1. For the range B:116-130, indicate whether the set of residues that are assigned to a helix (DSSP H, G or I), crowded, with 19+ Cβ neighbours inside 10 Å and of a type outside the set (D, E, K, R) is non-empty.
2. Among the residues of the range A:509-552, which ones are modelled with pLDDT under 85 and part of a loop (DSSP other than H, G, I, E, B)?
3. Those residues that are β-branched (Val, Ile, Thr) and either part of a helix (DSSP H, G or I) or surrounded by fewer than 20 Cβ atoms within 10 Å (Cβ to Cβ) (or both), I need them from the range A:250-276; list them, please.
4. Report yes if some residue within the range B:437-457 is at pLDDT 80 or above, under 26 Å from the mean Cα position of the chain (by Cα) and open to solvent by 20 Å² or more (accessible area, probe 1.4 Å); otherwise report no.
5. Determine if the range B:336-350 includes at least one residue that is within 13 Å of chain A (Cβ to nearest Cβ), open to solvent by less than 50 Å² (accessible area, probe 1.4 Å), closer than 30 Å to B:THR458 by Cα and not in a loop (DSSP other than H, G, I, E, B).
6. Test B:ALA518 against the criterion of being buried (at least 22 other Cβ atoms within 10 Å of the Cβ), under 17 Å from B:CYS124 (Cβ atoms) and of a type in the set (A, V, I, L, M), and give yes or no.
Amino acid sequence: MARTVLTWWIPLLILQSFLLAIAFGSNEVEEEFSESLLLKPLPDRKVLAHFHFENRAPPSNSHGRHHHLFPKAISQLVQKFRVKEMELSFTQGRWNHEHWGGSDTLSSMNAKPVGVELWAVFDVPRSEVDTSWKNLTHALSGLFCASINFLESSTSYAAPTWGFGRSSDKLRYGSLPREAVCTENLTPWLKLLPCRDKDGISALMNRPSVYRGFYHSQRLHLSMIDSGMLLEQSLTVVLQPDTVYDGKDLQPSWSLSSLFGRKVVGKCVLAKSSNVYLQMEGLAHPEAHTLLKNEEFELSIKPDRTLRETSSVLFIFDIDKSSDSEPFDLSLTWKLPSKWSCQQAPLHASRFLMGSGNERGAIAILLKATESQDKLSGKDITNGGRCRIKANVFQIFPWYVKVYYHTLQIFVDQQQNTSSEVLKKINVSPSADKMSSGMMEMMLELPCEVKSVAISIEYDKGFLHIDEYPPDANQGFDIPSALISFPDHHASLDFKEELSTLPLLSKFKDKSLVRSYTEVLLVPLTTPDFSMPYNVITITCTVFALYFGSLLNALRRRIGEEERFLKSKGKKTGGLKQLLSRFTAKIRGRPVESPSSEPTAAAQSSVLSSKLLFKIILVAGVAAAWQYFSTDK
Amino acid sequence: MEETDSDPLNPTTSTPGTTPEFDPKTMRSSKPGLKRLLITTTVLFSFLSGLPFLWKSVEIYRSQLPFHDIDSLSDQIKSTPLRFPCTFHAVFVGFRSTHPDQLRSEIQDGVNRLTRRSSQCGSCNVSISVTVQNPDGHCSETLPSTCSYRCGVIKGDVFGAGLDDMVDESLDDVFSGCSGDGGEMYSVVVVNKEKEDEEVKAVVGKRRHAWIVGSGLEERYGDVVARVSEVFVKVFMNGGREDDSIHGEFMPVGSDGRLVLSFSLLNSDPRDWIYDWDFQRIDEGLLAPVTKALAPIADISVESQVLYHTPKSSFSSWDEKLQSYIFRTSDLPFFVNSNEWHLDTSAGASGRSKILQFVVYIPSGKECPLHLQLPNGEISKTNGFISPMWGGVIVWNPRNCVKDSESPSRNMISPQDLEKIVEVFLGQFRQLFGFKSEAIYTSELGSYKILPSERGFTEWELDVLSRKHTCFNLQSCSTTLGSLSRLVQSLPRMIIKDEIGEQVKYSLKAAKLAQSNASLGGYSSSASSSREARSLAENAFFHPSIMSVSYFSYEHCFAVYSPFFLPVAGHVVLAALREWKRYKQEKAKYLTWLTRKKTA
């Protein structure tokens, strides 16, 4: 019996594996690109637009290194530097966690610190990670027209262990808060898209309207997944629709053309899917909104699908149907005043400097409870029955901010706390002068009913070498944003309907860590007068020369002889001396002293003056000779 | 202190008037002291002895560059152009009355006549040997014999029949045992057929062989000798190029010896149609042999991409007669649209390597089919053009120019079309290297059929490239090193790191090696070592430490040290001078007093 089964099975298995191979073979070859745009009215009368482009390529070892849709530059980067995962973001403006959301997927993924942030995980031996990082920063700075190469020096990046939310010993993290982000960074970013901004959703990216916004963050996330490479590019913009205030406290109405000044005239033909989503939060009657028109608002285009989530409604539009004659111009018109609030992170983080002067100061991170905490706290009841919020703090200090880690103080509800109660875990890697930056990772466990937590740490300001000052040294130095993440809180959209293949939505459905970045701090350091070294040289040299000269004079002076010499000459008074004494008398306002009263001084002055004259001539002669010889060469 | 003590004594000694002639102004009774003089001179001398140390401390580090070797290299390259040994072997089959030595001298004359004008670098030092095989199968050859040609292997009657490729292969077997005395050996086989009325046929093979077959060649003896020498010089020596058309600076190889071939498929409007290619197959099947063949000349890497929304920037017009859109040769400078064609980003090309762009342009539906019209009114067969040092463009029109219905899908360019495209590309690539792509080479004396190689370049063409490339590399290496040495000598305060010195040393070594390899006849080895020499020389010249302005100038030095040393030096020197003067004066006084005393 067993044998017959076996003989049955073997051909079946072979057939199955063959079929599987065929199926995989056909699956593997395709490179996929998809584009989507999420629009979301924000409670503070602004509109958020989130462009998301996804480019998948099969692994290069099976598929070769020639790509059809996937950008060549990125795949070469991956091959050359063995990047396993990488994220690069360019941000201008600060994400408003209170009004724009703090705990939803959009904000936890796309709220980025000001300037440039780069982190990368490499697939190389541990000793080569730093070299790969340095090469990668240079390549990226060339690719994106930004000074990412400043992240090359070991003083500007760090290797987070667990505080970053991703534990790998081949991870490097660095940020440049001062990098100005503008259109020269967007153009190379767009070049990576197959349709660039010529067609499809990306055609909306009208530079003036994008950069007029309150916040924009362009992000590039590259990851190696089982099925090859995945390149996600997203641009998040917060815009203010132009409206006239009508006094009725209505939310502003907008359309794509009023927001961006352009319309979508069709999808990018290379995209597998091309969708526009409209996410509406805090609607009064979520059930009624499947209709195109209702008493609260009106949409110009009928959505193809409507998805309901716990707190919001998502309208999905397919832009396949739009064409040159019939462009896709979604507009939203409010009819009733509407107010809602966004989901907040459990704690709101801010950071500031304390102290004054150019010598020392303190950095404080303040975590304040938000309204949403009550809602969330219910979920986090641990075994002990006590509700706890976990928060990780990750902070990089440049070496010239010399932090005293022993001065770390934690105040919970304005009461100083012994560290062990709240502070569960801390990892500190101190900075080395001009060698490496300092890093601090903290894991806090706070009671849910906490109102505020303040963390303060003192520091001394270091002195930089004269070469290390940037061109505008008086502006001050930036301390990169701290990252506060909540490991027990995950943001995800919870759709009731089953989603098939829409890339942005499947992304939103994945749980992501709730995280928020604090402000960038500006520390004024003592800036020297940059001509100082030469002044110091000149002054010390002059003092030395004076000392040396007078010592030598004292050694070879013959006082008795000079006195005799002066006595013999005492009767004659030089015209110059008379003039000089008159002049000094005039200055002092005293009558002219008789010249004979101090003959020694007079003689000395005349001797001195001739000496001086001789010296001047000598110096001039040497200078002239120098000039002559140097120009001759 | 001695003098301060003695000075008050002076009047006391004079006033009593032991000698009434004593005058305190011109005489003194005591010996002048040396103490102050000693002090000032020791200070001066310690000051002077400190100077070398100061000099040492402000000295900047300069690695010793072999200036002399650099000069001698460039002199050598300028004065004696690099020549490679080449051995030409001519086999005359079916000739009765000719003597090999006479033939050799005649061919030598012909070669000399043809090479007289072009004595440029990278050409051959010719040595010729001739074998004559008469119809009975007896051979006579010039001495010393360079080739172990076995007499009678080539049969006069049957030779030349069949495919030319087969003949080429058989010749390779015949001459497989041959090697010239250094350098490659090229052979021409002249077969005089017995049969009447056979046309004269001249073929140049893929390897290093050519053959001329015909009847009645013995009667046209002078003509045949001229043609043989022409094959040797114009084909094997100069690669079938007229008047050395390609100069060194147009050699499309980066100064680090690398070349990146970047292939781009441009869909000018994907809304009309999207075409894709299977580049992996082209790369592995068609390009790999070419890159392998060119390995001694350049380190070639291949990359590809497909771009969309890339219109050309010139306009085309509809031609009713040709039923197509045409662009003319005058439009070519405006064809490449550098704003929209994002071809240039390549992380693979590092530093100074050269990128050659090869673009396949698929026109949009509005301008399909698109053809290039030559100045004579005809349509270009290749439908492409090259831009020297940039690359080439091929316009490929989709079949029938039929738009996809509604939503365009991804079409693949068929393998046949792809092969055609690659053929055109290879032609362009050869053109960028200065070779012609025609199968017939014509000269005044007649035409030669040239067998194409599947590797893109025949062996004798590769030899020509190696020779020219070696020569150009050595020239460029010597000029680079020469300008580096001039620069270094003109800035005496510039810091020169050891690395630069070493690079210069190794570059010179590689150049020497290339020269010696060239004289021994190793074409590819001399090409690769000359490449190394050039790349090292460029590395030294563009070393980042030279680029920076961190040299410590004399002015800087003077500005830092003069505030201390000028005043102090003034004091010290003046003091010493004055003391010396005073000492002399006082000594004179003392001496006068002494003489006075003696006389008194």
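The values are calculated or read from the model by the stated rules, or taken from the named source; none is laboratory data. Every value quoted in this text rests on a predicted model; they were computed, and no experiment measured them. We place every Cβ from the backbone using ideal geometry, glycine too, and count neighbours over all the protein chains shown. In case anyone asks, the SASA skips ligands and DNA or RNA and just uses the protein heavy atoms, side chains included. Shrake-Rupley method; radii C 1.70, N 1.55, O 1.52, S 1.80 Å.
1. Keep residues of the range B:116-130 that are assigned to a helix (DSSP H, G or I), which gives none.
Checking the range B:116-130: not a single residue is assigned to a helix (DSSP H, G or I), crowded, with 19+ Cβ neighbours inside 10 Å and of a type outside the set (D, E, K, R).
2. Matches in the range A:509-552: A:ASP510, A:LYS511, A:THR526, A:THR527, A:PRO528, A:ASP529, A:PHE530, A:SER531.
3. Here is the first cut: in the range A:250-276, the residues β-branched (Val, Ile, Thr) are A:264-265, A:269, A:276.
Scanning the range A:250-276 gives a single hit, A:VAL265.
4. The answer is no; no qualifying residue exists.
5. No, that holds for no residue.
6. On the way: buried (at least 22 other Cβ atoms within 10 Å of the Cβ): yes; under 17 Å from B:CYS124 (Cβ atoms): yes; of a type in the set (A, V, I, L, M): yes.
Answer is yes for this residue.
For every residue, the table says whether it meets (1) within 14 Å of chain B (Cβ to nearest Cβ); (2) in contact with an Asp or Glu (Cβ under 6 Å, 6 or more places away or on another chain).
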{"site": "A:ASN110", "(1), (2)": "no, no"}
{"site": "A:ASP123", "(1), (2)": "no, no"}
{"site": "A:SER132", "(1), (2)": "yes, no"}
{"site": "A:LEU171", "(1), (2)": "no, no"}
{"site": "A:ASN185", "(1), (2)": "no, no"}
{"site": "A:LEU190", "(1), (2)": "yes, yes"}
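Okay, residues lined up against (1) at pLDDT 85 or above; (2) within 28 Å of A:TRP162 (Cα to Cα):
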site: A:GLU359; (1), (2): yes, no
site: A:GLN373; (1), (2): no, yes
site: A:GLY384; (1), (2): no, yes
site: A:VAL401; (1), (2): yes, yes
site: A:HIS406; (1), (2): yes, yes
